[in-house]
């Protein structure tokens, strides 16, 4: 283990017993819930606000502030856990749900108590069959132990929690897409306003938080906001679970403080690149995040601000490390194929644009592209940004723009090769 | 009431008004496909983009409520560029088959392209292939490749008819509208989906391939199909009528009309019409000139009435204008003192039906007006009284229905009247049932709603005026003209209204062959 | 006419229970479609009409959901539905080559059912197991850290020929 790693959320992930209620309790499980149920709900919200915790799903919105948007009345409200982990490169939530399902459940009950919600759902992506089974079992255990249901631990607080399985759609990771899906509709994002905190699931006030965010709440309440803030930076507080994949020696899920340098993350925590390979690029926040060149990667820190400053984003913390054996045209082709496949089809710029740039990229890869096509990818992508209901359009546009801008020579090489080949064909 | 500024113009709007509605109130141009004032907001075409002062990103006008002091414009370069590209995104997979598309001439894509087109097609990749010529049911045909997935039609079947036949299946650029497993879109409002389709994806089986819309003229009118009195637009050329579409009236029909009402243009066309006076009985009829024959008839009719008003019976349907009724009853009831006035309704069992949306069982546009007119004259006699007494009348005058197909007891009435001594039947159309009348009869050709002006009073007492659109049968008479001729007044038939043609002569239809 | 579809008695009971489990009946559509797939291997078009009747929901709504989500099989699959991830991290580690070789090895085109009815191989998007690339999902199970030999071995153990 690298000395740069911290074990806050992930302290017991290596212990198989941590999966079951008994083992979880042995390591202090549900003790924070006991503490939280004795607190004023507002105090919990204040603590979360003070901790600086930001949404770990991708957008990085301050969690306590989000909770504060709920109307101050007795209207029923819902807490939804976003476990539709779908951003390519991301797998940290799956790891947590498999190894520490009760950690999520405990975090959720505390959060639900804070926002005065009596019903919550964990919306898990359909492909996560194993994690769903583990969570289902954990929920049964929690009900059995009186940790869910009526009058939890004699506190007078009632809360029901259920698990809902998606069925294969990246867009359901967008919070309003997820709400649509949970409502039994196509997982299409909803118009905002109204925002979910005002009108969400079934038009009731709704809070949607990521798995890791909700689990982190437990540790913030356990240790206090100040202790949590000891990790990370001023504006990016706490620890973060990074999913690291691609060409590193030790890919995996690692918990490190926010603000760690990407260089350390790759070369220290993940054991660096395979022998003889050179770093070519890094996608630092899931495949929708603008790509960083090797040079940019070695200068950036893994926190919301540094990455934004470098023109990319932290996203879900999915780091895809790319060495010099990769072909960037090919990787963009793979990436855009995905967003084309996953566009829900509601908004025209995204529905049509994702297909368009994917097809152009594919043509270039097949040697059928022109120099004009390289510019066209960028031009189309720029007109897809910020024009749609949700951010999927941007998610496709950002890699497109950054790949063709930063690795233009590789795109040109394909174009030139195609021109040559066609010339030879013409003469043959 | 919030006040805002739109493109430099100040406007005060009711609370809750959206920016796009404010644009409409001002009459300012704003591009949109998915927004429709009669449906929920979908916000998916992304074309009604506006710049709002103080907001970093462009907003869609359809989902933005006007707030006091808001300063909005769609005249910035950013908005214009966004709309231009937004339109291009709509067009890259569109087949651009305007020359064979029925929507051409009234297509949202064509209209916007002329205003905002990119004029530089950059899409060189293969287009997405989708289903074409999909038979959606008895009235509508779908071309999925033309569809821009605005979801208006789906929202219509979900929100207005609540029949849910349509859905958008699949996702991304593979998404297509359709019905499940080829089940038909079959409700009495299905053709509204064609009206609200901003492109040529949904076309009317009845209208498609029959006329180019730019050869048609239109006229605002009132649907005579039932007592609701939907406000409509009727489209015609010198050959006759081709289609009927709804016209917005918040108090009556909103944005919609029923499919049954759309059929009311058909009987108006010359093929179905009485062109001369038909005199005779039981299938043995002669054609007589309208004016002299009706005047001749008037002499006898008046003479009989003057001798004994009780020898005259009048059967009235609620199918004529208020002005016609007034004029008619002044003559028959007030002058001739006829008391035997009977109200013939289409179908007593279903007369009070209502489908919950627009269509009523009373298939007459002016039952209300008719009853009003008769109120001061003591009302109608019961139709039952006629049974077995027919032979005691010298003359029975029938103000027959324009749209006879809506009167299921037509044959029954013909049988009843066959016992009379002589019958004058005012009718717009020719039917075999009428020709079977066994009493000596004069069928007098009448004008239809589109050929005259006046007003109908709908079921709730709303008086709706309408203008003449065109003339199909020149010799056909209005009820006022019938009254004048029966009174013995000469009519100036050299100045009678002539047919109104389309804007240009449609040579294609003139040389159309028979299949 | 397509032939009528029916769930088992237990399956229909389960769907009815799901109808009251959530705040809205519509939420039971995904679980109901899963039940159809569990019993039938895929979701045949005629099951949509059946579910509409069973659940009292419009066919169009059920079909919208069915066609939107990728996990509902639109055509029959082999007994082993092999889904090889070919998204970015897996592609970087040979996911596409693996899918291609598996197709050759089992003599099927992507998405097709092998002649013995045992295997369907398709390429899918990210399954959230990028640190173990390349990987595949066989029915409900994730099989990770693959190379061609390991993948074939795993499939053989699961009954492929």
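The values are calculated or read from the model by the stated rules, or taken from the named source; none is laboratory data. Bear in mind that the values here come from a model prediction, so they are computed numbers and not experimental data. Quick reminder, even Gly has a Cβ in these numbers, built from the backbone with ideal geometry, and neighbours come from all protein chains shown.
Of the residues contained in segment A:169-190, one or more are found to be away from chain C (no Cβ under 14 Å), buried (at least 17 other Cβ atoms within 10 Å of the Cβ) and outside any loop (DSSP other than H, G, I, E, B). When every residue of segment C:100-115 is checked against the conditions, none turns out to be within 14 Å of another protein chain (Cβ to nearest Cβ), touching a strand residue (DSSP E or B) at 6+ places or on another chain (Cβ under 8 Å) and either under 18 Å from residue A:328 (Cα atoms) or in contact (Cβ under 8 Å) with a residue 60 or more places away in the chain (or both). From the list B:280, B:298, B:225, the lone residue that is at pLDDT 95 or above and either crowded, with 22+ Cβ neighbours inside 10 Å or assigned to a loop (DSSP other than H, G, I, E, B) (or both) is B:225. Comparison of A:88, A:71, A:101 shows that the only residue that is in contact (Cβ under 8 Å) with a residue 12 or more places away in the chain, outside the structural domain of residue A:289 (by TED's automatic domain parsing) and surrounded by fewer than 22 Cβ atoms within 10 Å (Cβ to Cβ) is A:71. As a summary of the residue check, residue B:323 satisfies the conditions (1) out of contact with any strand residue (DSSP E or B) (no Cβ under 9 Å at 6 or more places or on another chain); (2) touching a residue at least 40 places away in the same chain (Cβ under 8 Å); (3) in a helix (DSSP H, G or I); (4) surrounded by fewer than 21 Cβ atoms within 10 Å (Cβ to Cβ) except for the one numbered (1). Facing another protein chain (nearest Cβ under 9 Å) and touching a residue at least 24 places away in the same chain (Cβ under 8 Å), is that true of residue B:177? Spelling it out, it is not the case that residue B:177 is facing another protein chain (nearest Cβ under 9 Å) and touching a residue at least 24 places away in the same chain (Cβ under 8 Å).
The helices (runs of 4 or more DSSP H) falling completely within segment A:322-428 that include 2 or more residues that are within 14 Å of chain B (Cβ to nearest Cβ) and surrounded by 22 or more Cβ atoms within 10 Å (Cβ to Cβ) map to A:328-342, A:348-365, A:371-384, A:392-406.
Taking each residue of segment B:471-496 that is over 22 Å from residue B:219 (Cα atoms) and looking for partners that are modelled with pLDDT under 90 with beta-carbon atoms closer than 8 Å, six or more apart or interchain, yields B:481/B:491; B:484/B:491; B:485/B:491.
Output yes when any residue across segment B:112-119 is touching a strand residue (DSSP E or B) at 6+ places or on another chain (Cβ under 6 Å) and more than 13 Å from chain A (Cβ to nearest Cβ), and no when none is. Step through it out loud before you land on a result.
Filtering segment B:112-119 down to residues touching a strand residue (DSSP E or B) at 6+ places or on another chain (Cβ under 6 Å) leaves none.
No - not one qualifying residue is present in segment B:112-119.
A quick yes/no check of all residues on (1) modelled with pLDDT of 95 or more; (2) at the interface with chain A (Cβ under 8 Å from one of its Cβ atoms); (3) surrounded by 17 or more Cβ atoms within 10 Å (Cβ to Cβ); (4) in a helix (DSSP H, G or I):
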| residue | (1), (2), (3), (4) |
| --- | --- |
| C:2 | no, no, no, no |
| C:6 | yes, no, no, no |
| C:17 | yes, no, no, yes |
| C:31 | yes, yes, yes, yes |
| C:36 | yes, no, yes, yes |
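Going by what's in this entry, would residue C:120 be described as away from every other protein chain (no Cβ under 14 Å), at negative phi and crowded, with 20+ Cβ neighbours inside 10 Å? It is true that residue C:120 is away from every other protein chain (no Cβ under 14 Å), at negative phi and crowded, with 20+ Cβ neighbours inside 10 Å.
Where in segment B:6-105 are the strands (runs of 3 or more DSSP E), entirely inside, with at least 3 residues that are surrounded by 15 or more Cβ atoms within 10 Å (Cβ to Cβ), at pLDDT 95 or above and within 13 Å of chain A (Cβ to nearest Cβ)?
Values: elements: B:9-12, B:49-52, B:71-73.
Passing ranges, in order: B:49-52.
The residue list C:63, C:87 contains one member that is buried (at least 23 other Cβ atoms within 10 Å of the Cβ), in contact with a helix residue (DSSP H, G or I) (Cβ under 7 Å, 6 or more places away or on another chain) and within 14 Å of chain B (Cβ to nearest Cβ), which is C:63.
Checking the condition outside any loop (DSSP other than H, G, I, E, B) and without any contact (Cβ under 8 Å) to a residue 24 or more places away in the chain, which residue from B:233, B:245 passes? Step through it out loud before you land on a result.
Numbers: B:245 fails: without any contact (Cβ under 8 Å) to a residue 24 or more places away in the chain.
Selected residue: B:233, the only one of B:233, B:245 that is outside any loop (DSSP other than H, G, I, E, B) and without any contact (Cβ under 8 Å) to a residue 24 or more places away in the chain.
Looking only at residues in segment B:125-140 that are loosely packed, with under 13 Cβ neighbours inside 10 Å and under 16 Å from residue A:340 (Cβ atoms), which one is nearest to the chain's Cα centre (by Cα)? The selected residue is B:129. The residues of segment A:110-124 that are within 11 Å of chain C (Cβ to nearest Cβ) and in contact with a helix residue (DSSP H, G or I) (Cβ under 7 Å, 6 or more places away or on another chain), listed by number, are A:121, A:123, A:124.
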